[in-house]
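The values are calculated or read from the model by the stated rules, or taken from the named source; none is laboratory data. This is a predicted model, so every value here is computed, not measured. Every residue, glycine among them, receives a Cβ derived from its backbone with ideal geometry; neighbour counts consider all protein chains shown.
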Amino acid sequence: MCNHELKDYFWAGKRVRLRPLSETDAEAGFAESFDSETRQLLQLGIELPTSVAAQREKLAEMAKLNKDDGFIVLAIDDLSGTLVGTISMHSWNPKNGTFGFGVSIRREHRGKGYATEAVRILLQYAFHERRFQKCNSACIEGNEASIALHKKLGFSEEGRRRRNFFMNGRYYDDLLFGLTSDEFDATLS
């Protein structure tokens, strides 16, 4: 898809395009599994070693985008088609109209605004297409990049779950954030 074809595409912004994961992303997923520090900050802990084949199998399942199971994962590409990260929408609660998200940008692509734009696209989908009314999110204390991202996107810090995660031989608090659809819409004007 050429850049001029993306200007009216819902899943693309000025810097990124969201797309389904594919088995061809397995090698990048395998490489990311070696970034233990980042994986811990994503609340994944220290994972058991993996392989490209295991990543390929996992990605094949995620690529199905079964949006009715309350969990989707999308690849984030820059507009040249380079995979720069992943984003998820999860913890859907249709009764209450709430959901959560997670985003991870590969180390060499951080600081370029990719996460901010990808999350905005996902929030627009959730609020304007799926009729969710609130995004609940969390991050581990000390994850300064995630804290800054939440604030930049207009999230309010709503609380703290003390000593909720254990890693590196100690407990960490979980910082809780929230953004309503009305608050999101106010950031668009």
query = Counting just the residues of segment 84-135 that are among the basic types (K, R) and over 19 Å from R17 (Cβ atoms), which one comes out surrounded by the most Cβ atoms within 10 Å (Cβ to Cβ)?
reply = K134
request  = Pairs only if they're at least six apart or on different chains, beta carbon under 9 angstrom, first in segment 1-17 and within 10 Å of L79 (Cβ to Cβ) and among the β-branched types (V, I, T), second at pLDDT 85 or above and assigned to a loop (DSSP other than H, G, I, E, B); list them, first residue then second.
outcome  = V16/L79; V16/G113
ask   = Given segment 72-189, what helices (runs of 4 or more DSSP H) lie entirely inside it while holding 2 or more residues that are of a type outside the set (D, E) and more than 20 Å from G13 (Cα to Cα)?
value = 144-153
message = I'd like the residue in segment 117-140 that is of a type in the set (V, I, T) and out of contact with any Gly (no Cβ under 8 Å at 6 or more places or on another chain) and, out of all such residues, is nearest to R163 (Cα to Cα).
response = I140
task = Mind listing whichever residues of segment 138-153 are small (G, A, S) and crowded, with 16+ Cβ neighbours inside 10 Å?
result = A138, S146
task = Scan segment 162-186 for residues that are surrounded by 13 or more Cβ atoms within 10 Å (Cβ to Cβ) and not acidic (D, E) and jot them down.
result = N164, F165, M167, Y172, L175, L176, F177, G178, L179, T180, S181, F184
request  = Of all residues in segment 129-155, count the ones that are touching a helix residue (DSSP H, G or I) at 6+ places or on another chain (Cβ under 7 Å) and aliphatic (A, V, I, L, M).
outcome  = 3
inquiry  = Considering only residues that are farther than 22 Å from R17 by Cβ and in contact (Cβ under 8 Å) with a residue 24 or more places away in the chain, which ones fall in segment 146-159?
reply    = S146, I147, H150, G154, F155, S156
